[in-house]
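S.K.: A single structure is presented below for examination.
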Amino acid sequence: MSIPTPTPEADCQQALQQRVQTAYAQRQPQPLCIIGGDSKAFYGREAVGEPLHAGAHCGVLDYDPSELVITARAGTRMHAVQQLLAAEQQMLGFEPPRFSATTTVGGAVAAGLSGPRRPYAGAVRDFVLGVKIINGKGEVMRFGGQVMKNVAGFDIARLMVGAMGTLGVLLEVSLRVMPQPQAETTCRFAHRQPQQAIALFNQLAARPLPLSAAAWSDGTTRLRWSGNQAAVRNAVQSIGGEEESDAAGRAFWRQLRDHDLPFFGGEQPLLRYAVRAGTEVEVEVEPRKTNANADTNANAAQLLDWGGAQRWLRGAINLDELRKIAAAHGGHVTHFRHGDRQGEVFQSLSAPLHALHRRLKRAFDPAGILNPSRLYADL
Amino acid sequence: MARRLRKFLPRDAVIAQPEALRVYECDGLSAYRQLPKLVILPRTVAQVQQVMRVCNELRVPVVSRGAGTGLSGGALPHADGIVLSLANMNALLQIDAVHRTARVQPGIRNLAVSEAVKHLGLFYAPDPSSQIACTIGGNVAENAGGVHCLKYGLTVHNILSLTIVTIDGELLTLGGGLDAPGYDLLALLIGSEGMLGVVVEVTLKLLPLPQSVQVLLAAFDTVEKAADSVAALIADGIIAAGLEMMDNPAIRAAEDFTQAGYPRAAAALLLCELDGIPQQVAAEVAVARRIFQQHGAVEIRVARDEHERARFWSGRKNAFPAVGRITPDYYCIDGTIPRKAVGAVLRQIARWSDEYGLPVANVFHAGDGNLHPLILYDANQPGALQKTEQLGGEILRLCLAVGGTITGEHGVGVEKVGEMCVQFNDHERAQMHAVREAFDPKRLLNPGKAIPTLARCAEYNAMHVHRGATRFAEIERL
Ligand SMILES: Cc1cc2nc3c(=O)[nH]c(=O)nc-3n(C[C@H](O)[C@H](O)[C@H](O)COP(=O)(O)OP(=O)(O)OC[C@H]3O[C@@H](n4cnc5c(N)ncnc54)[C@H](O)[C@@H]3O)c2cc1C
């Protein structure tokens, strides 16, 4: 067992709280742009306001492997947390993306993004047990806790996940952790068409198999099996495919998780189309005509993750049209990266739901100073 | 009011006669009783919307109700309000076997879902012990757990979307798929005890039935050894499907009632269920057996067949009624604590049990540190209930002192509003009220439950905090 390097420690709660209190108290309340590791500056609508560096507030506060819980200050680097867990053969089940080495725990929770394991192990919100936040009035509050089961009061801890910092500045987060699987194997299948991948995903969905990731890109479907040695062997044998080396398998899922695959390169808008896994409707994706070097294969403009429930699209796509299709199938489209960051990047909500979002925003941040308009223009 | 409602509701959907109202005067926490003005039993979503519009207009409090098995008084009626029973909206609307989902109405019984999808090789994981009776709507409102939630999660981990009717009669769909745009209102609604909206439709996640299931029974001569072996098992990377513990009073009560074959002299008993594919289960059983041995188990048995597995579980599953047989009344507490505190907390509870002269039996979800001390008392003895509640309060404050929570799965309801003043400060409670008002500005949904007012806490704290702050000096350092 390697001894992990201790994570840096700094308690900046008071300074952060004072900044929020001051911003709130001004006659012209001053918007604050909350920054963790600055690894997701590209995400959400264009940020406005004075930078508030929450990433400085860092350090692991409590970790006892037999409790399956870790509590860290929000500015703690994600890779430091993952190293600490790995030394105990544990991990974060939602496989958080690390778009850069500086990704913080708070940023991961605020953005609410999960990696390839999400459909099988759960999303960020499924692992959040408690938070400590500063609301828009500069009040420090705790919700949830460090235990698995907790129904005391509203679940405001989970409400913070994916709120993009619009409801509070995260100070601390308690996350449930999982044991690392004993064994992990990736198998590949040559599938020219995404439909073939979706057919396989659907066929696997209802079976008790230790699937932990399922993706299709560039003519190849990959399945990752994780768990007990015997269970993984059993799955590999019964489902087949060509086994990848450990290194190649790991590299692929890491690159997919962190958007390091060639698919994610370049400056073309990247769209995230979230839909019910088995949806057969095909989105008409134009080849990447605008990019001279691009693969002329239309398939290169589409990548499927999460067993088909998360589809990444690039190319000349009519966003409004796609959003209509998505809505009809109970899905939604996020304008994830690049392109116009001043329009709505998240799919719009029904009028009553949007009005409720505004009332909730006011309940946490009456002066509208926390990451205003990062999620929706008027939140 | 009744006249307004009868305009659009069938005769039998509006109950106003005192005799018929009596059925609804309490939930599973029968120490609290109150007759409502009316009970309404809608059959359609549109009817729920209409009822809400009328209540909102006339400012009438609304208490939603499923099966009334709640143990915290969450469904206790309001004297000036209506009870909105969802019991007649109990249809299973759609099963999607490929995507493993079921769309149901809120009044469907928890067990009915798993029964309906069994032939497809699927099940709905959260399985509260009350699952024969309790409803999915009630489960959503309480974020119910069960013996399998260590591995499969709580209600919040197994719901994909909800449709709710708000106090102004608006229909909102929350969640959907693996995520949805905007705030995670699905998570916020789950466990909100009927205070943010009425749940009228739920999409549940179903799981494939495991191929193989095995149960170990391990007996220990101290509670600490049992607790330590739970921690060791988890540290070893084994997430059991169920990991339940009983102490000696509970073992004896259960054995006398069910003849499950439990060793009556044991200080603690663990039931450890492992599931998955057969090879994996076999490997894990071997590890669990070794860990229990290393921690000094005096007896370890592995169920030889399905029949014996059911028998092992029968004692645990009937533990509440078994305890009910040996005492006129019992009071169930629901705190959750970090697993490492289990031994110390149980020891302290035993000391208080002597001090108060009230026997306590412990049956609980050891895997996730969710305690259910059952305090045995006789409600006919003057002052016994008050003394019992006092002891219950002490136990809950102890759970908080060791880093836990006052309720793991039964909810705050009317029962634990006082302890909410200890768990949360004024800002935190004010924030919860503000969230509530974003949904329900007139505070008509389940008023008086779950989140105490400032005044209520001032009163409570004057009575308790002084003692609470000084009593657990030796345990706090855990
Ligand atoms: C013997 C016994 C064992 C138990 N074991 C467990 C256990 O293992 N795990 C566990 O978690 N609980 C357990 N419970 C507690 C109880 O069964 C659960 O809290 C259950 O979820 C309540 O469901 P219900 O339908 O009876 O809800 P009710 O008691 O009718 O209502 C509970 C709360 O939900 C609200 N509500 C109900 N329906 C709706 C709706 N459609 N929309 C909005 N709000 C609604 C009510 O207003 C109330 O606040 C047990 C209870 C008993 C009696």
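S.K.: So how do A:Ser348, A:Ser114 line up by other beta-carbon neighbours within 10 Å, fewest first?
M.R.: A:Ser348, A:Ser114
S.K.: Follow-up. Rounded, prolate or oblate: which fits the stretch B:2-85 when a ≥ b ≥ c are the square roots of the eigenvalues of the alpha-carbon gyration tensor, with rounded for a/c under 1.5 and prolate only if a/b beats b/c?
M.R.: The shape class here is prolate.
S.K.: Neighbour counts of other C-beta atoms within 10 Å: give me B:Arg429, A:Arg224 arranged from fewest to most.
M.R.: Fewest-to-most ranking of B:Arg429, A:Arg224: B:Arg429, A:Arg224.
S.K.: Counting each DSSP H run of 4 or more residues in the protein assembly as shown as -39500 (n - 2.57), what helix-only mean residue ellipticity at 222 nm follows after dividing by all residues, to the nearest 500 deg cm²/dmol?
M.R.: After summing the helix terms and dividing by the residues of the protein assembly as shown, the value is -9500 deg cm²/dmol.
S.K.: For the protein assembly as shown, with the dipole built from +1 on Lys and Arg beta-carbon atoms and -1 on Asp and Glu ones, taken about the Cα centre, which of B:Ser212, B:Gly191, B:Pro36 lies farthest toward the positive end?
M.R.: Towards the positive end, the residue furthest out is B:Pro36.
S.K.: Taking the Cα centroid of the stretch B:197-240 and of the stretch A:30-84, what is the distance between the two, rounded to the nearest whole Å?
M.R.: Measuring centre to centre over Cα atoms gives 31 Å.
S.K.: How large is the charge dipole for the stretch B:320-478, taken about the Cα centre, if only the Cβ atoms of Lys, Arg (+1) and Asp, Glu (-1) carry charge, to the nearest 20 debye? Don't jump to the answer; show the numbers that get you there.
M.R.: Working: 17 positive and 18 negative charges, 32 e Å.
It works out to roughly 160 debye.
S.K.: What cysteines in the protein assembly as shown have no other cysteine with a beta carbon less than 4.7 Å from their beta carbon?
M.R.: So, A:Cys12, A:Cys33, A:Cys58, A:Cys187, B:Cys26, B:Cys55, B:Cys134, B:Cys149, B:Cys272, B:Cys332, B:Cys399.
S.K.: A further question on this structure: Does the protein assembly as shown come out rounded, prolate or oblate by the C-alpha gyration tensor, with a ≥ b ≥ c the root eigenvalues, rounded set by a/c under 1.5 and, if not, prolate when a/b is larger than b/c and oblate if not?
M.R.: Rounded.
S.K.: What dipole magnitude, in Debye to the nearest 20, does the stretch B:212-322 give about its Cα centre under +1 on Lys/Arg Cβ and -1 on Asp/Glu Cβ?
M.R.: It comes to approximately 180 debye.
S.K.: Okay, moving on. Of the cross-linked pairs A:Lys361/B:Lys37; A:Lys149/B:Lys37; B:Lys416/B:Lys442; B:Lys340/B:Lys416; A:Lys132/B:Lys317, which ones have a Cα-Cα span greater than 26 Å in the structure shown?
M.R.: On the way: A:Lys361/B:Lys37 36 Å; A:Lys149/B:Lys37 35 Å; B:Lys416/B:Lys442 23 Å; B:Lys340/B:Lys416 24 Å; A:Lys132/B:Lys317 37 Å.
Those over the limit are A:Lys361/B:Lys37; A:Lys149/B:Lys37; A:Lys132/B:Lys317.
S.K.: Using the charge dipole of the protein assembly as shown (Lys, Arg: +1 at Cβ; Asp, Glu: -1 at Cβ; taken about the Cα centre), state which of B:Leu358, B:Gly403, B:His433 has its Cα farthest towards the positive end.
M.R.: The one lying farthest along the dipole's positive direction is B:His433.
S.K.: How compact and how long is the stretch B:212-322, expressed as Rg and Dmax of its alpha-carbon atoms in Å?
M.R.: Taking only Cα atoms of the stretch B:212-322, I get Rg and Dmax of 13.0, 36 Å.
S.K.: Specify the angular offset, from 0 to 90 degrees and rounded to the nearest 10, of the alpha carbon long axis of helix A:351-364 from the longest principal axis of the alpha carbons in chain A.
M.R.: 50 degrees
S.K.: Give me Rg over Rh for chain A, both radii from the alpha carbons and Rh done the Kirkwood way, two decimal places.
M.R.: Rg/Rh: 0.97.
S.K.: So, one more: Using the number of other C-beta atoms within 10 angstrom as an exposure proxy, rank A:Ser39, A:Ser245 with the fewest first.
M.R.: A:Ser245, A:Ser39
S.K.: Note down the magnitude of the dipole of the stretch B:2-85 about its Cα centre, charges +1 on Lys and Arg C-beta and -1 on Asp and Glu C-beta and zero elsewhere, to the nearest 20 debye.
M.R.: 380 debye
S.K.: Quick check on the stretch B:92-208: take the gyration tensor over C-alpha atoms, sort the square-rooted eigenvalues as a ≥ b ≥ c, and tell me if it's rounded (a/c under 1.5), prolate or oblate.
M.R.: Note, shape of the stretch B:92-208 comes out prolate.
S.K.: Taking a quarter of the surface of the Cα convex hull of chain B, what do you get in nm²? If you can, show how the numbers build up before the last one.
M.R.: Numbers: hull surface 91.4 nm².
Computed as one quarter of the Cα hull surface, the answer is 22.9 nm².
S.K.: Tilt of helix A:319-328 relative to the longest C-alpha principal axis of chain A, in degrees (0 to 90, nearest 10)?
M.R.: Tilt relative to chain A: about 80 degrees.
S.K.: Follow-up question, since we're still on this one. In degrees between 0 and 90, to the nearest 10, how far off the longest principal axis of chain A does helix A:229-239 point, with axes built from Cα atoms?
M.R.: 50 degrees
S.K.: Net charge near B:His157: determine it from the other residues with C-beta under 10 Å of the C-beta of B:His157, scoring Lys and Arg +1 and Asp and Glu -1.
M.R.: +1
S.K.: Which FRET efficiency value, to the nearest 0.05, is calculated for B:Ser30 and B:Ala2 with the Förster distance at 35 angstrom and r the Cβ-Cβ distance?
M.R.: 0.85
S.K.: Also, I was wondering about something else. Just to confirm a number: summing +1 for Lys and Arg and -1 for Asp and Glu over residues other than B:Met89 whose beta-carbon lies under 11 angstrom from that of B:Met89, what do you get?
M.R.: With Lys, Arg at +1 and Asp, Glu at -1, the net is 0.
S.K.: Another question about this same structure. Would you mind checking the radius of gyration and Dmax of the stretch A:182-337 based on alpha-carbon positions, in Å?
M.R.: Looking at the stretch A:182-337, its Cα Rg and Dmax stand at 15.8, 48 Å.
S.K.: Where does the charge balance sit around A:Met164 when Lys and Arg score +1, Asp and Glu -1, over other residues with C-beta under 10 Å from its C-beta?
M.R.: On the way: positive: A:Lys40, A:Arg45, A:Arg374; negative: none.
Net charge in that neighbourhood comes out at +3.
S.K.: In whole Å and largest first, what semi-axes does the C-alpha gyration tensor of the stretch B:364-419 yield when each eigenvalue is scaled by 5 and square-rooted?
M.R.: 22, 13, 11
S.K.: Toward the positive end of the charge dipole of chain A, about the Cα centre and with charges on Cβ (Lys, Arg +1; Asp, Glu -1), which of A:Leu68, A:Pro366, A:Ala108 goes farthest?
M.R.: A:Pro366
S.K.: Using θ = phi - 60° and the Karplus curve 6.51 cos²θ - 1.76 cosθ + 1.60, what whole-Hz ³J(HN,Hα) does each residue of the stretch B:440-449 get, with Gly and Pro shown as x?
M.R.: The phi angles translate into 9, x, 8, 6, 9, 7, 6, x, x, 9 Hz.
S.K.: Taking Rh as the Kirkwood radius computed over C-alpha pairs, what is the Stokes-Einstein D of the stretch B:82-155 at 37 °C in a medium of viscosity 0.692 mPa s, expressed in µm² per second? Could you put the intermediate results ahead of the total?
M.R.: Details: Rh = 12.6 Å.
Stokes-Einstein gives a translational diffusion coefficient of 260 µm²/s.
Where a number appears in this text, it was derived from the coordinates with a stated rule and is not lab data. What you are looking at is a predicted structure, and each value in this text was computed from that prediction instead of being measured. Heads up, the Cβs are rebuilt from the backbone with ideal geometry, glycines too, and the neighbour counts pull from every protein chain shown.
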